[in-house]
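Worksheet: one structure, shown below.
The values are calculated or read from the model by the stated rules, or taken from the named source; none is laboratory data. The structure displayed is predicted, hence computed values, not measured ones. Heads up, the Cβs are rebuilt from the backbone with ideal geometry, glycines too, and the neighbour counts pull from every protein chain shown. Calculation scope for accessible area: heavy atoms of the full protein, side chains included, ligands and nucleic acids excluded. Shrake-Rupley method; radii C 1.70, N 1.55, O 1.52, S 1.80 Å.
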Amino acid sequence: GKVFIDEVDIAQLDAYELAWLRCRKIGYIFQTFNIIQVMTALENVTLPMIFAGLNNDAAVEKGMELLDLVGLSDRFSHKPFELSGGQQQRVAVARALANNPAIVLADEPTGNLDLTTGEEIIALLKRLSQERGVPVISATHDFKMLNVSDRVIWIRDGRVDKIEDREELSISIGQIGSRE
């Protein structure tokens, strides 16, 4: 198959173009947050903008807006060890949006969070996706993500098992993990 991001076939790009694309068109959210421990929340959010060539003042202004968007403007000067897991993941979400990506890729975005915080992150991702028109593709084992997904691609043993649109999903707890 082919992968297009903003109408660009990424298989046709060289290493420099792929790096440019990853920096400016794809936002990443990781299960383990992957925020830099010696940097503040604001510095973590502005780092991708600096890499993309935005001047420091503009990056700081936009970084504060993004932290406000995820409910952390009052924690901008805190380092990761001063933040809860949910707050660290909110920093990661803000960082993923730093360069106005065309797509956000999330790897187990609730995997290291308690139930309530995981639900808050799920709701945040859904809201931001709708408000900003940015698709979020999430690889997850968290069945709570089903409630906010437009499409679910079920993977079994490394292969696509089935693809379902949200309105067609009909599962119950007894079916989860079964071979139907």
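Could you pull out the trypsin sites (Lys or Arg not before Pro) across region 1-35 that fall in loop regions by DSSP (anything but H, G, I, E, B) with no more than 12 other Cβ atoms inside 10 Å?
Within region 1-35, the qualifying trypsin sites (Lys or Arg not before Pro) (loop, at most 12 other Cβ atoms within 10 Å) are Lys2.
Run the reach check for Lys2 against aspartates and glutamates, Cα to Cα strictly under 16 Å, same-chain hits fewer than 8 apart removed. What comes back?
Output for Lys2: Asp14.
Can you give me the relative contact order of region 4-115 as a percent, contacts being Cα pairs under 8 Å and 6 or more apart?
Here the relative contact order equals 42 percent.
Pop out the carbon and sulfur fraction of the accessible area of the chain as a percent, whole number, probe 1.4 Å.
Heavy-atom surface of the chain belonging to carbon and sulfur, 1.4 Å probe: 52 percent.
Tell me the volume per residue, in Å³, of the convex hull enclosing the alpha carbons of region 54-150.
Per residue, the Cα convex hull of region 54-150 comes to 99 Å³.
In square nanometres and to one decimal, what's the mean projected area of the convex hull around the Cα atoms of the chain?
Its Cα hull, projected and averaged over all orientations, spans 11.8 nm².
Mean Kyte-Doolittle of at least -1.0 plus a Cα span of 24 Å or more along the axis: flag which DSSP H helices in the chain meet both, please.
115-132
With springs only between Cα atoms under 10 Å apart, run a GNM on the chain and tell me which of Glu119, Glu108, Glu17 wobbles the most.
Of the options given, Glu17 has the highest mean-square fluctuation.
Which of the lysines could be linked to Lys126 by a straight reach, that is with a Cα gap under 22 Å, when you skip same-chain ones fewer than 8 residues away?
In chain and number order, the partners are Lys25, Lys62, Lys144.
Suppose all protein chains stay in the model; what accessible area per residue would a 1.4 Å probe give for region 1-112, in Å²?
Here the per-residue accessible area is 52 Å².
For Lys162, give me every one of the aspartates and glutamates with a C-alpha distance below 18 angstrom, ignoring sequence neighbours fewer than eight places off in its own chain.
Asp142, Asp150, Glu180
Going by average Cβ density within 10 Å per residue, which order do the peptides 158-170, 77-89 take, highest to lowest?
77-89, 158-170
Counting DSSP beta bridges in the chain, what percent are antiparallel, to the nearest 5?
The answer is about 50 percent antiparallel.
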